[in-house]
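Notes for the one structure printed next.
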Amino acid sequence: MVVGADRKYTGALIVPNFENLRAWARTQNVDIPSNEDALKDPKVKALYREAVNKYNQYFNHIEQIKKFELMPREWTIDGGEMTPTLKLKRRVIQEKYRDSIERLYA
C-alpha cells in the first residue's frame, strides 16, 4: 500500500508473497525459517528494492517510492485489513501499522 499523503516523499508497505519468496530463497541458498526472519535478510531486502526501482521508472519523481517496509504477514479479511471484496481498508491499515509508517519518515 502506498503511503505518504502530506509527507515529504512517497513510501510503501509491501506484503510479500511468502510462498514465492521461500521458493526464491531456496534458489539463492537463503535460509528463512519464519516470515520475520525473511524480512531481515539483506538479500530479501535487495530483491524488493530492485523490484521497487524497476517500477519507479514508470512514475514521476514525486510519485516514486523512496522507502518501503516489508510486512511480516498477509493482510486478510479476518485481520481487518481487507473488506469481503478484498479491497484494502486504508484507515485500518494506517492505524494498525502506524509505527511502520512512521519508521519510513523517521
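Straight-line reach from Lys66: which lysines fall under 16 Å, measuring Cα to Cα and dropping same-chain residues less than 8 apart?
The reachable lysines, counting only those whose Cα sits under 16 Å from Lys66, are Lys8, Lys45, Lys54.
So if R0 is 22 Å, what FRET efficiency would Arg26 and Arg73 give, r being the distance between their Cβ atoms, rounded to the nearest 0.05?
Efficiency, rounded to the nearest 0.05: 0.60.
Please turn the phi angles of region 58-63 into ³J(HN,Hα) values with the Karplus equation 6.51 cos²θ - 1.76 cosθ + 1.60 (θ = phi - 60°), one per residue in order, whole Hz, x for glycine and proline.
For region 58-63, the Karplus curve yields 8, 10, 5, 3, 5, 8 Hz.
Let me have the 222 nm mean residue ellipticity of the chain computed from DSSP H runs of 4+ only, each contributing -39500 (n - 2.57), with the sum over all residues rounded to the nearest 500.
Per the formula, -12000 deg cm²/dmol.
For Lys40, list the aspartates and glutamates whose Cα falls under 12 Å from its own Cα; do not include residues on the same chain fewer than 8 positions away.
Correct list for Lys40: Asp31, Glu69.
Pull out a ≥ b ≥ c, the square roots of the eigenvalues of the alpha-carbon gyration tensor of the chain, then state rounded if a/c is under 1.5, prolate if not and a/b is larger than b/c, and oblate in the remaining case.
Oblate shape, in that a/c is at least 1.5 and b/c is the bigger or equal ratio.
Any idea what the relative contact order of the chain is, in percent, if you count C-alpha pairs under 8 Å spaced at least 6 apart?
So the answer I get is 32 percent.
Rounding to the nearest 20 debye, state how big the charge dipole of the chain is about its Cα centre with +1 on each Lys and Arg Cβ and -1 on each Asp and Glu Cβ.
320 debye
Here, each number is a calculation from the coordinates, and none is a lab measurement. Keep in mind the model is a prediction, meaning the values are calculated, not measured. Every residue, glycine as well, gets a Cβ built from its backbone with ideal geometry; the counts of neighbours run over all protein chains shown.
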